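Engineer: Provided herewith is a single structure, encoded as C-alpha coordinates, for subsequent inquiry.
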Amino acid sequence: MDFTLKNKENNKASFNIEITKEEFEKAVQKAYLKNRSKFNIPGFRKGKAPRKIIEMNYGEGIFYEDALNIILPEAYENAVDSLELEPVDTPEVDIEQFEKGKPVILNVEVTIKPEVKLGNYKSIEVEKVEYNVTDEDVERELKAIQEKNARIIDASDRETKEGDILTIDFKGFVDGEQFEGGTAEGQRLEIGSNTFIPGFEEQLIGKKKGDKVDVKVTFPEDYFEEGLKGKEATFEVVIHEVKEKELPVLDDEFAKDVSEFDTLEEYKNNIRERLEKEAKEKEKVEFENKIVDKVVEDSEVDIPEAMIEHQIEHELKDFDYRLSLQGLGLDQYLQLTNSKLEDLKEQLKPIAEKKVKTDLVFEAISKEEKIEATEGDIDKELEKIAKEYNQEDVDKFKANMKKGDLSFLEAGIIRDKIIDLLVNNAKTI
(Lines give C-alpha, C1' and ligand atoms only; values in the text may rest on other atoms or scores of the structure.)
Protein backbone atom coordinates (compact mmCIF):
# COMPACT_ATOMS: atom_id res chain seq x y z
CA MET A 1 0.00 0.00 0.00
CA ASP A 2 1.38 3.39 -0.97
CA PHE A 3 0.29 6.97 -0.22
CA THR A 4 1.11 10.12 -2.19
CA LEU A 5 0.26 13.65 -1.04
CA LYS A 6 -0.90 15.68 -4.04
CA ASN A 7 -1.91 18.97 -2.47
CA LYS A 8 -2.22 20.57 0.97
CA GLU A 9 -3.54 24.12 1.24
CA ASN A 10 -6.53 26.15 2.42
CA ASN A 11 -7.33 23.53 5.09
CA LYS A 12 -7.71 20.85 2.42
CA ALA A 13 -5.51 17.89 1.63
CA SER A 14 -5.75 15.61 -1.39
CA PHE A 15 -3.78 12.40 -1.71
CA ASN A 16 -3.70 9.07 -3.51
CA ILE A 17 -4.02 5.66 -1.92
CA GLU A 18 -2.53 2.88 -4.03
CA ILE A 19 -3.69 -0.62 -3.03
CA THR A 20 -1.68 -3.45 -4.57
CA LYS A 21 -3.55 -6.13 -6.49
CA GLU A 22 -2.49 -8.67 -3.84
CA GLU A 23 -3.93 -6.54 -1.02
CA PHE A 24 -7.14 -6.02 -2.93
CA GLU A 25 -7.41 -9.74 -3.67
CA LYS A 26 -7.28 -10.45 0.08
CA ALA A 27 -10.11 -7.94 0.59
CA VAL A 28 -12.17 -9.59 -2.17
CA GLN A 29 -11.70 -12.96 -0.46
CA LYS A 30 -12.90 -11.46 2.85
CA ALA A 31 -15.93 -10.00 1.05
CA TYR A 32 -16.70 -13.42 -0.42
CA LEU A 33 -16.50 -15.13 3.00
CA LYS A 34 -18.70 -12.43 4.49
CA ASN A 35 -21.41 -12.56 1.81
CA ARG A 36 -21.42 -16.12 0.39
CA SER A 37 -24.41 -17.15 2.51
CA LYS A 38 -26.55 -14.67 0.57
CA PHE A 39 -26.24 -16.55 -2.73
CA ASN A 40 -28.36 -19.48 -3.92
CA ILE A 41 -26.48 -21.44 -6.59
CA PRO A 42 -28.11 -24.61 -8.03
CA GLY A 43 -26.18 -27.71 -7.05
CA PHE A 44 -24.68 -26.14 -3.93
CA ARG A 45 -25.99 -25.75 -0.42
CA LYS A 46 -26.67 -22.12 0.50
CA GLY A 47 -23.42 -20.50 1.57
CA LYS A 48 -21.25 -23.33 0.23
CA ALA A 49 -20.81 -22.23 -3.39
CA PRO A 50 -17.15 -21.55 -4.32
CA ARG A 51 -16.21 -17.96 -5.06
CA LYS A 52 -15.43 -18.71 -8.73
CA ILE A 53 -18.90 -20.21 -9.25
CA ILE A 54 -20.59 -17.13 -7.71
CA GLU A 55 -18.45 -14.84 -9.88
CA MET A 56 -19.34 -16.86 -12.99
CA ASN A 57 -23.05 -16.44 -12.20
CA TYR A 58 -23.10 -12.85 -10.98
CA GLY A 59 -20.06 -11.28 -12.59
CA GLU A 60 -16.41 -11.11 -11.65
CA GLY A 61 -16.86 -7.82 -9.81
CA ILE A 62 -19.69 -9.00 -7.55
CA PHE A 63 -17.52 -8.63 -4.43
CA TYR A 64 -15.53 -5.56 -5.45
CA GLU A 65 -17.69 -2.95 -3.74
CA ASP A 66 -17.71 -4.83 -0.43
CA ALA A 67 -13.96 -5.42 -0.79
CA LEU A 68 -13.40 -1.69 -1.12
CA ASN A 69 -15.56 -1.03 1.95
CA ILE A 70 -13.50 -3.60 3.87
CA ILE A 71 -10.07 -2.28 2.92
CA LEU A 72 -10.76 1.48 2.71
CA PRO A 73 -11.08 2.35 6.46
CA GLU A 74 -7.70 0.80 7.32
CA ALA A 75 -6.08 2.23 4.17
CA TYR A 76 -7.42 5.69 4.99
CA GLU A 77 -6.19 5.56 8.61
CA ASN A 78 -2.75 4.40 7.45
CA ALA A 79 -2.66 7.18 4.87
CA VAL A 80 -3.44 10.04 7.27
CA ASP A 81 -0.93 8.65 9.77
CA SER A 82 1.77 8.23 7.14
CA LEU A 83 1.17 11.70 5.63
CA GLU A 84 0.81 13.28 9.12
CA LEU A 85 -2.62 14.77 8.42
CA GLU A 86 -5.30 15.69 10.96
CA PRO A 87 -8.72 15.32 9.29
CA VAL A 88 -11.68 17.15 10.80
CA ASP A 89 -14.44 15.93 8.49
CA THR A 90 -15.55 12.93 6.44
CA PRO A 91 -13.33 12.44 3.37
CA GLU A 92 -14.48 12.41 -0.24
CA VAL A 93 -13.17 9.35 -2.09
CA ASP A 94 -13.05 8.90 -5.85
CA ILE A 95 -11.81 5.86 -7.75
CA GLU A 96 -8.98 6.85 -10.08
CA GLN A 97 -7.97 3.36 -11.26
CA PHE A 98 -9.86 0.13 -10.91
CA GLU A 99 -8.79 -2.43 -13.50
CA LYS A 100 -8.19 -6.17 -13.27
CA GLY A 101 -4.56 -7.05 -12.69
CA LYS A 102 -3.63 -3.49 -11.71
CA PRO A 103 -3.36 -1.70 -8.34
CA VAL A 104 -6.48 0.08 -7.15
CA ILE A 105 -5.81 3.83 -6.96
CA LEU A 106 -8.12 6.04 -4.92
CA ASN A 107 -8.09 9.82 -4.85
CA VAL A 108 -9.02 11.26 -1.43
CA GLU A 109 -9.83 14.84 -0.45
CA VAL A 110 -10.45 15.82 3.15
CA THR A 111 -10.70 18.93 5.32
CA ILE A 112 -7.80 19.10 7.75
CA LYS A 113 -7.09 20.94 10.99
CA PRO A 114 -5.87 24.49 10.27
CA GLU A 115 -2.54 25.96 11.30
CA VAL A 116 -2.62 28.54 14.09
CA LYS A 117 -0.49 31.69 14.12
CA LEU A 118 -0.09 32.49 17.80
CA GLY A 119 0.12 36.04 19.07
CA ASN A 120 2.51 37.12 21.81
CA TYR A 121 0.75 35.04 24.46
CA LYS A 122 3.48 35.47 27.08
CA SER A 123 3.03 39.21 27.59
CA ILE A 124 -0.72 39.67 27.74
CA GLU A 125 -1.97 42.81 29.51
CA VAL A 126 -5.46 42.81 31.03
CA GLU A 127 -7.38 44.95 33.50
CA LYS A 128 -7.34 43.80 37.10
CA VAL A 129 -10.56 42.16 38.30
CA GLU A 130 -11.61 42.95 41.86
CA TYR A 131 -14.75 42.29 43.89
CA ASN A 132 -15.05 43.68 47.40
CA VAL A 133 -17.64 42.34 49.85
CA THR A 134 -19.55 45.16 51.57
CA ASP A 135 -21.80 45.27 54.64
CA GLU A 136 -24.72 45.63 52.22
CA ASP A 137 -23.74 42.35 50.53
CA VAL A 138 -23.77 40.56 53.89
CA GLU A 139 -27.16 42.06 54.82
CA ARG A 140 -28.58 41.13 51.43
CA GLU A 141 -27.46 37.52 51.87
CA LEU A 142 -28.86 37.45 55.42
CA LYS A 143 -32.16 38.86 54.12
CA ALA A 144 -32.33 36.09 51.49
CA ILE A 145 -31.81 33.45 54.20
CA GLN A 146 -34.49 35.15 56.32
CA GLU A 147 -36.90 35.05 53.34
CA LYS A 148 -36.09 31.37 52.78
CA ASN A 149 -37.02 30.57 56.38
CA ALA A 150 -40.23 32.61 56.40
CA ARG A 151 -43.55 31.09 57.43
CA ILE A 152 -46.48 31.35 55.04
CA ILE A 153 -49.55 32.45 57.01
CA ASP A 154 -53.13 33.29 56.09
CA ALA A 155 -53.91 36.96 55.38
CA SER A 156 -57.45 36.67 54.08
CA ASP A 157 -58.75 39.24 56.59
CA ARG A 158 -57.20 42.22 54.81
CA GLU A 159 -56.60 43.72 51.37
CA THR A 160 -53.79 42.36 49.25
CA LYS A 161 -50.43 44.12 49.07
CA GLU A 162 -46.99 43.79 47.50
CA GLY A 163 -45.33 40.52 48.47
CA ASP A 164 -48.55 38.63 49.17
CA ILE A 165 -48.97 35.12 47.81
CA LEU A 166 -52.31 34.60 46.08
CA THR A 167 -54.09 31.53 44.79
CA ILE A 168 -56.18 32.53 41.76
CA ASP A 169 -58.21 31.26 38.83
CA PHE A 170 -58.14 33.21 35.60
CA LYS A 171 -59.51 33.20 32.06
CA GLY A 172 -57.96 35.31 29.30
CA PHE A 173 -59.86 36.95 26.43
CA VAL A 174 -58.67 38.78 23.30
CA ASP A 175 -61.27 40.62 21.24
CA GLY A 176 -63.93 38.96 23.38
CA GLU A 177 -62.72 35.45 22.52
CA GLN A 178 -61.11 33.13 25.07
CA PHE A 179 -57.62 32.20 23.82
CA GLU A 180 -55.66 28.98 24.19
CA GLY A 181 -53.18 28.88 27.07
CA GLY A 182 -54.81 31.82 28.86
CA THR A 183 -56.73 29.80 31.46
CA ALA A 184 -55.63 28.33 34.79
CA GLU A 185 -57.11 27.20 38.09
CA GLY A 186 -55.43 27.23 41.49
CA GLN A 187 -52.53 29.30 40.15
CA ARG A 188 -50.05 30.50 42.78
CA LEU A 189 -48.85 34.08 42.30
CA GLU A 190 -46.58 36.25 44.41
CA ILE A 191 -47.38 39.92 43.82
CA GLY A 192 -44.23 41.70 42.78
CA SER A 193 -42.49 38.62 41.41
CA ASN A 194 -43.05 39.88 37.83
CA THR A 195 -43.80 36.38 36.61
CA PHE A 196 -46.99 37.42 34.82
CA ILE A 197 -47.53 39.86 31.94
CA PRO A 198 -46.45 43.44 32.86
CA GLY A 199 -49.32 45.24 34.62
CA PHE A 200 -51.15 42.06 35.67
CA GLU A 201 -49.93 41.73 39.26
CA GLU A 202 -50.31 45.40 40.17
CA GLN A 203 -54.05 45.31 39.43
CA LEU A 204 -54.56 42.69 42.15
CA ILE A 205 -53.24 44.98 44.91
CA GLY A 206 -55.93 46.29 47.27
CA LYS A 207 -58.30 43.38 46.62
CA LYS A 208 -59.60 40.72 49.01
CA LYS A 209 -60.25 37.00 49.15
CA GLY A 210 -63.30 36.12 47.02
CA ASP A 211 -63.01 39.21 44.80
CA LYS A 212 -63.53 38.89 41.06
CA VAL A 213 -61.26 41.26 39.14
CA ASP A 214 -61.08 42.14 35.45
CA VAL A 215 -57.40 42.64 34.72
CA LYS A 216 -56.63 44.52 31.52
CA VAL A 217 -53.14 44.15 30.01
CA THR A 218 -51.30 44.42 26.70
CA PHE A 219 -49.06 41.58 25.59
CA PRO A 220 -45.46 42.69 24.90
CA GLU A 221 -44.35 43.04 21.27
CA ASP A 222 -41.68 40.39 21.90
CA TYR A 223 -44.12 37.87 23.44
CA PHE A 224 -43.27 34.29 22.42
CA GLU A 225 -46.76 33.53 21.08
CA GLU A 226 -46.95 35.16 17.65
CA GLY A 227 -50.74 35.60 17.69
CA LEU A 228 -50.71 37.53 20.99
CA LYS A 229 -47.86 39.99 20.35
CA GLY A 230 -49.03 43.54 21.11
CA LYS A 231 -52.63 42.42 21.66
CA GLU A 232 -54.86 43.89 24.39
CA ALA A 233 -56.34 41.25 26.68
CA THR A 234 -58.74 40.99 29.59
CA PHE A 235 -58.33 38.36 32.30
CA GLU A 236 -61.26 37.40 34.53
CA VAL A 237 -59.54 36.69 37.85
CA VAL A 238 -60.98 35.10 41.00
CA ILE A 239 -58.93 35.39 44.22
CA HIS A 240 -59.28 32.24 46.35
CA GLU A 241 -56.50 32.70 48.93
CA VAL A 242 -54.38 35.52 50.29
CA LYS A 243 -51.26 34.61 52.25
CA GLU A 244 -48.19 36.45 53.42
CA LYS A 245 -44.66 35.69 54.53
CA GLU A 246 -43.95 36.01 58.23
CA LEU A 247 -40.25 36.67 58.50
CA PRO A 248 -38.30 35.33 61.50
CA VAL A 249 -36.59 37.90 63.76
CA LEU A 250 -32.90 38.28 63.00
CA ASP A 251 -31.38 37.50 66.39
CA ASP A 252 -29.18 34.93 68.10
CA GLU A 253 -32.01 32.38 68.13
CA PHE A 254 -32.36 32.72 64.37
CA ALA A 255 -28.61 32.10 63.99
CA LYS A 256 -28.88 28.95 66.11
CA ASP A 257 -31.84 27.68 64.06
CA VAL A 258 -30.25 28.09 60.64
CA SER A 259 -26.55 27.55 61.35
CA GLU A 260 -23.95 26.04 63.65
CA PHE A 261 -23.29 29.41 65.33
CA ASP A 262 -24.59 30.65 68.70
CA THR A 263 -24.82 34.35 67.89
CA LEU A 264 -26.03 36.41 64.95
CA GLU A 265 -22.72 38.25 64.85
CA GLU A 266 -20.78 34.99 64.45
CA TYR A 267 -23.16 33.92 61.72
CA LYS A 268 -22.77 37.22 59.86
CA ASN A 269 -18.98 36.89 60.08
CA ASN A 270 -19.28 33.42 58.58
CA ILE A 271 -21.44 34.77 55.75
CA ARG A 272 -18.84 37.46 55.07
CA GLU A 273 -16.04 34.87 54.93
CA ARG A 274 -18.03 32.75 52.49
CA LEU A 275 -18.87 35.73 50.28
CA GLU A 276 -15.24 36.85 50.28
CA LYS A 277 -14.12 33.36 49.28
CA GLU A 278 -16.70 33.35 46.45
CA ALA A 279 -15.56 36.85 45.40
CA LYS A 280 -11.93 35.70 45.18
CA GLU A 281 -12.94 32.70 43.09
CA LYS A 282 -15.01 34.96 40.83
CA GLU A 283 -12.03 37.32 40.46
CA LYS A 284 -9.78 34.39 39.55
CA VAL A 285 -12.19 32.96 36.95
CA GLU A 286 -12.91 36.32 35.31
CA PHE A 287 -9.20 37.23 35.25
CA GLU A 288 -8.37 33.91 33.59
CA ASN A 289 -11.22 34.33 31.09
CA LYS A 290 -9.99 37.82 30.15
CA ILE A 291 -6.49 36.48 29.53
CA VAL A 292 -7.75 33.54 27.46
CA ASP A 293 -10.03 35.82 25.42
CA LYS A 294 -7.11 38.17 24.70
CA VAL A 295 -4.77 35.32 23.71
CA VAL A 296 -7.41 33.83 21.39
CA GLU A 297 -8.24 37.25 19.93
CA ASP A 298 -4.55 37.94 19.18
CA SER A 299 -4.11 34.59 17.39
CA GLU A 300 -4.87 34.01 13.72
CA VAL A 301 -6.54 30.91 12.35
CA ASP A 302 -8.75 30.16 9.37
CA ILE A 303 -11.33 27.76 10.82
CA PRO A 304 -12.91 25.26 8.40
CA GLU A 305 -16.67 25.51 8.28
CA ALA A 306 -16.92 21.78 9.01
CA MET A 307 -15.34 22.26 12.44
CA ILE A 308 -17.83 25.00 13.31
CA GLU A 309 -20.76 22.88 12.13
CA HIS A 310 -19.60 19.93 14.25
CA GLN A 311 -19.34 22.21 17.29
CA ILE A 312 -22.81 23.65 16.65
CA GLU A 313 -24.20 20.10 16.71
CA HIS A 314 -22.37 19.52 19.99
CA GLU A 315 -23.83 22.75 21.43
CA LEU A 316 -27.30 21.69 20.30
CA LYS A 317 -27.00 18.35 22.09
CA ASP A 318 -25.78 20.09 25.23
CA PHE A 319 -28.65 22.61 25.04
CA ASP A 320 -31.16 19.80 24.51
CA TYR A 321 -29.78 17.99 27.58
CA ARG A 322 -30.10 21.13 29.74
CA LEU A 323 -33.67 21.58 28.52
CA SER A 324 -34.45 17.98 29.48
CA LEU A 325 -33.44 18.76 33.08
CA GLN A 326 -36.29 21.31 33.07
CA GLY A 327 -38.75 18.83 31.60
CA LEU A 328 -38.58 20.30 28.09
CA GLY A 329 -37.44 19.01 24.72
CA LEU A 330 -35.82 20.92 21.88
CA ASP A 331 -39.00 20.76 19.78
CA GLN A 332 -41.06 22.17 22.65
CA TYR A 333 -38.56 24.98 23.16
CA LEU A 334 -38.70 25.93 19.48
CA GLN A 335 -42.50 25.92 19.63
CA LEU A 336 -42.62 28.04 22.80
CA THR A 337 -40.16 30.59 21.44
CA ASN A 338 -41.76 30.53 18.00
CA SER A 339 -38.37 29.92 16.39
CA LYS A 340 -36.82 27.50 13.93
CA LEU A 341 -33.92 25.09 14.35
CA GLU A 342 -31.90 27.03 11.78
CA ASP A 343 -32.43 30.24 13.79
CA LEU A 344 -31.13 28.52 16.92
CA LYS A 345 -28.11 27.17 15.03
CA GLU A 346 -27.35 30.69 13.81
CA GLN A 347 -27.49 31.95 17.40
CA LEU A 348 -25.10 29.20 18.50
CA LYS A 349 -22.63 29.80 15.67
CA PRO A 350 -20.56 32.59 17.37
CA ILE A 351 -20.33 30.46 20.53
CA ALA A 352 -19.24 27.42 18.52
CA GLU A 353 -16.71 29.43 16.52
CA LYS A 354 -15.16 30.87 19.70
CA LYS A 355 -14.89 27.44 21.32
CA VAL A 356 -13.28 25.89 18.25
CA LYS A 357 -10.77 28.74 17.97
CA THR A 358 -9.96 28.53 21.69
CA ASP A 359 -9.34 24.78 21.43
CA LEU A 360 -7.09 25.26 18.40
CA VAL A 361 -5.11 28.03 20.10
CA PHE A 362 -4.68 25.96 23.26
CA GLU A 363 -3.53 22.99 21.20
CA ALA A 364 -0.97 25.20 19.43
CA ILE A 365 0.33 26.53 22.77
CA SER A 366 0.62 23.01 24.21
CA LYS A 367 2.74 21.99 21.19
CA GLU A 368 4.85 25.13 21.34
CA GLU A 369 5.49 24.78 25.08
CA LYS A 370 5.59 20.96 25.04
CA ILE A 371 2.86 20.82 27.70
CA GLU A 372 1.47 17.37 28.44
CA ALA A 373 -0.36 15.40 31.13
CA THR A 374 2.15 13.14 32.87
CA GLU A 375 1.32 9.87 34.62
CA GLY A 376 1.86 11.70 37.91
CA ASP A 377 -0.57 14.45 36.91
CA ILE A 378 -3.24 11.88 36.05
CA ASP A 379 -2.71 9.95 39.32
CA LYS A 380 -2.99 13.17 41.32
CA GLU A 381 -6.22 14.15 39.57
CA LEU A 382 -7.70 10.69 40.04
CA GLU A 383 -6.87 10.84 43.76
CA LYS A 384 -8.67 14.17 44.00
CA ILE A 385 -11.76 12.77 42.22
CA ALA A 386 -11.72 9.66 44.43
CA LYS A 387 -11.84 11.83 47.55
CA GLU A 388 -14.68 13.93 46.11
CA TYR A 389 -16.69 10.74 45.55
CA ASN A 390 -15.75 9.35 48.99
CA GLN A 391 -13.95 6.36 47.49
CA GLU A 392 -11.94 4.79 50.28
CA ASP A 393 -9.99 2.41 48.05
CA VAL A 394 -8.21 5.06 45.98
CA ASP A 395 -5.96 2.57 44.16
CA LYS A 396 -8.95 0.49 43.02
CA PHE A 397 -10.77 3.62 41.90
CA LYS A 398 -7.72 4.76 39.91
CA ALA A 399 -7.29 1.33 38.34
CA ASN A 400 -10.95 1.23 37.21
CA MET A 401 -10.77 4.75 35.83
CA LYS A 402 -7.62 3.98 33.86
CA LYS A 403 -9.42 1.14 32.09
CA GLY A 404 -11.71 3.70 30.51
CA ASP A 405 -11.06 6.68 28.27
CA LEU A 406 -8.95 9.21 30.17
CA SER A 407 -8.61 11.62 27.26
CA PHE A 408 -11.09 14.05 28.87
CA LEU A 409 -9.01 14.03 32.06
CA GLU A 410 -5.75 14.59 30.18
CA ALA A 411 -7.32 17.44 28.19
CA GLY A 412 -8.43 19.12 31.43
CA ILE A 413 -4.96 18.81 32.98
CA ILE A 414 -3.29 20.27 29.88
CA ARG A 415 -5.82 23.11 29.76
CA ASP A 416 -5.16 23.98 33.42
CA LYS A 417 -1.40 24.00 32.80
CA ILE A 418 -1.83 26.32 29.81
CA ILE A 419 -4.01 28.71 31.82
CA ASP A 420 -1.42 28.71 34.62
CA LEU A 421 1.26 29.56 32.07
CA LEU A 422 -0.79 32.42 30.62
CA VAL A 423 -1.74 33.81 34.04
CA ASN A 424 1.84 33.68 35.35
CA ASN A 425 3.06 35.61 32.33
CA ALA A 426 0.20 38.13 32.17
CA LYS A 427 0.38 41.70 33.45
CA THR A 428 -2.42 43.68 35.05
CA ILE A 429 -3.15 47.26 34.01
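The values are calculated or read from the model by the stated rules, or taken from the named source; none is laboratory data. Small disclaimer: the values here were computed from a predicted structure and weren't measured. Heads up, the Cβs are rebuilt from the backbone with ideal geometry, glycines too, and the neighbour counts pull from every protein chain shown. For accessibility, only protein heavy atoms count, side chains too; no ligands or nucleic acids. Shrake-Rupley method; radii C 1.70, N 1.55, O 1.52, S 1.80 Å.
Engineer: Of all residues being among the aliphatic types (A, V, I, L, M) and open to solvent by less than 20 Å² (accessible area, probe 1.4 Å) in the stretch 151-183, which is farthest from GLU276 (Cα to Cα)? Just the residue, please.
Structural biologist: Ranking the candidates gives VAL174 first.
Engineer: In addition: Scan the stretch 47-71 for residues that are assigned to a helix (DSSP H, G or I) and either free of Cβ contacts under 8 Å to residues at least 40 places away in the same chain or of a type in the set (Lys, Arg) (or both) and report the count.
Structural biologist: Selection size over the stretch 47-71: 12.
Engineer: Now for a separate question. Go through the stretch 185-199 residue by residue and tally those that are over 17 Å from LEU228 (Cα atoms) and surrounded by 14 or more Cβ atoms within 10 Å (Cβ to Cβ).
Structural biologist: Residues meeting the conditions: 4.
Engineer: State which residue is least open to solvent (accessible area, probe 1.4 Å) when the search covers only the stretch 350-391 and only residues that are farther than 15 Å from MET307 by Cα, assigned to a helix (DSSP H, G or I) and among the small types (Gly, Ala, Ser).
Structural biologist: Only one residue fits best here, namely ALA386.
Engineer: While we're looking at this one, here's another question. I'm told LYS216 meets every condition in (1) in a strand (DSSP E or B); (2) within 37 Å of the chain's Cα centre (by Cα); (3) of a type in the set (Lys, Arg) except one. Can you identify the failing condition by its number?
Structural biologist: Unmet for LYS216, out of (1) in a strand (DSSP E or B); (2) within 37 Å of the chain's Cα centre (by Cα); (3) of a type in the set (Lys, Arg): (2).
Engineer: Return the pair list, or none, for Cβ contacts closer than 9 Å from residues in the stretch 145-162 that are more than 16 Å from VAL242 (Cβ to Cβ) to residues that are small (Gly, Ala, Ser) and in a loop (DSSP other than H, G, I, E, B), at least 6 apart or on different chains.
Structural biologist: ILE145/SER259
Engineer: Just checking, does the stretch 254-277 include any residue being in contact with a strand residue (DSSP E or B) (Cβ under 9 Å, 6 or more places away or on another chain) and either hydroxyl-bearing (Ser, Thr, Tyr) or surrounded by 12 or more Cβ atoms within 10 Å (Cβ to Cβ) (or both)?
Structural biologist: no
Engineer: Before we move on, is SER324 of a type in the set (Gly, Ala, Ser) and open to solvent by 60 Å² or more (accessible area, probe 1.4 Å)?
Structural biologist: yes
Engineer: To continue, here is another question. Hey, among ASN120, ASN132, ASN149, which residue is in contact with a Pro (Cβ under 8 Å, 6 or more places away or on another chain) and of a type outside the set (Ser, Thr, Tyr)?
Structural biologist: That would be ASN149, the only listed residue that is in contact with a Pro (Cβ under 8 Å, 6 or more places away or on another chain) and of a type outside the set (Ser, Thr, Tyr).
Engineer: State the number of residues belonging to the stretch 230-251 that are open to solvent by 70 Å² or more (accessible area, probe 1.4 Å) and either in a helix (DSSP H, G or I) or touching a Phe, Trp or Tyr at 6+ places or on another chain (Cβ under 9 Å) (or both).
Structural biologist: Of the residues in that region, 3 qualify.
Engineer: Tell me, please, whether a residue that is within 30 Å of GLY119 (Cβ to Cβ) and either β-branched (Val, Ile, Thr) or not in a helix (DSSP H, G or I) (or both) can be found in the stretch 330-340.
Structural biologist: Scanning the stretch 330-340 turns up no residue that is within 30 Å of GLY119 (Cβ to Cβ) and either β-branched (Val, Ile, Thr) or not in a helix (DSSP H, G or I) (or both).
Engineer: Run down GLU305, GLU266 and say which single residue is without any contact (Cβ under 8 Å) to a residue 40 or more places away in the chain, under 23 Å from THR111 (Cα atoms) and of a type outside the set (A, V, I, L, M).
Structural biologist: Going through GLU305, GLU266 in turn, the sole match is GLU305.
Engineer: Another question, if that's okay. Which pairs do you get when a residue that is more than 16 Å from PHE170 (Cβ to Cβ), found in the stretch 209-225, comes within reach of a residue that is surrounded by 15 or more Cβ atoms within 10 Å (Cβ to Cβ) and of a type outside the set (D, E, K, R), reach meaning Cβ atoms under 7 angstrom, with the pair 6+ apart or on two chains?
Structural biologist: none
Engineer: Could I ask something else about it? So which residues in the stretch 258-283 are of a type outside the set (S, T, N, Q) and either modelled with pLDDT under 95 or not in a helix (DSSP H, G or I) (or both), if there are any at all?
Structural biologist: The answer is GLU260, PHE261, ASP262.
Engineer: Can you tell me which residue within the stretch 392-429, out of those that are outside any helix (DSSP H, G or I) and over 14 Å from ILE291 (Cα atoms), is most open to solvent (accessible area, probe 1.4 Å)?
Structural biologist: GLU392
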